[in-house]
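The values are calculated or read from the model by the stated rules, or taken from the named source; none is laboratory data. Keep in mind that what you see is a predicted model, and the values were worked out from it rather than measured. Cβ placement follows ideal geometry from the backbone for every residue including glycine, while neighbour counts extend to all protein chains displayed.
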């Protein structure tokens, strides 16, 4: 029984160490299409541009390389690799070749969070020590990349280049989009 606890502890230390290593960013450019497909699932094209139209995948790759903490970058890289592997394992084809329903199913499976989602206290500890989950990271980066892009700010949101004056409370008109400026 003691050997089992030692083995589990060693495996946990190894896993935590892998999250705190320097991220390997070379593979992100190879996963650009997969990242674009995931972002498009989060913000699909409707009467406004989608995430692919706003080129959010470029922002996401930049943010993973230079903006978010390295442990979250490792979580993101590991999550993208798991998503690609899950696509081949379940549907025997790349993520981009899967139907929209299959892509959504794979992404929602990643959202569930696995082991930690069953134990709320462990989930809080994991988030505190290791940062957000893959799904939270990709969702946050997609929304930020979309809203700060030209296509997202001007066509997806209501944008006034130079507002005349500041009105702190303006009622939204029926069918009006969110404001892109503060």
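For region 136-156, check the following and say yes or no: at least one residue is more than 16 Å from residue 50 (Cα to Cα) and at pLDDT below 90.
no
Show me the helices (runs of 4 or more DSSP H) entirely contained within region 1-109 in which 2 or more residues are out of contact with any strand residue (DSSP E or B) (no Cβ under 8 Å at 6 or more places or on another chain) and at pLDDT 90 or above.
Ranges flagged: 32-42, 56-66, 70-91.
Show the residue pairs that are 6+ apart or on different chains and have beta-carbon atoms under 9 Å apart, the first residue being within region 89-110 and in contact (Cβ under 8 Å) with a residue 24 or more places away in the chain, the second being surrounded by 14 or more Cβ atoms within 10 Å (Cβ to Cβ) and part of a loop (DSSP other than H, G, I, E, B).
Short answer, once both residue conditions are applied: 110/133.
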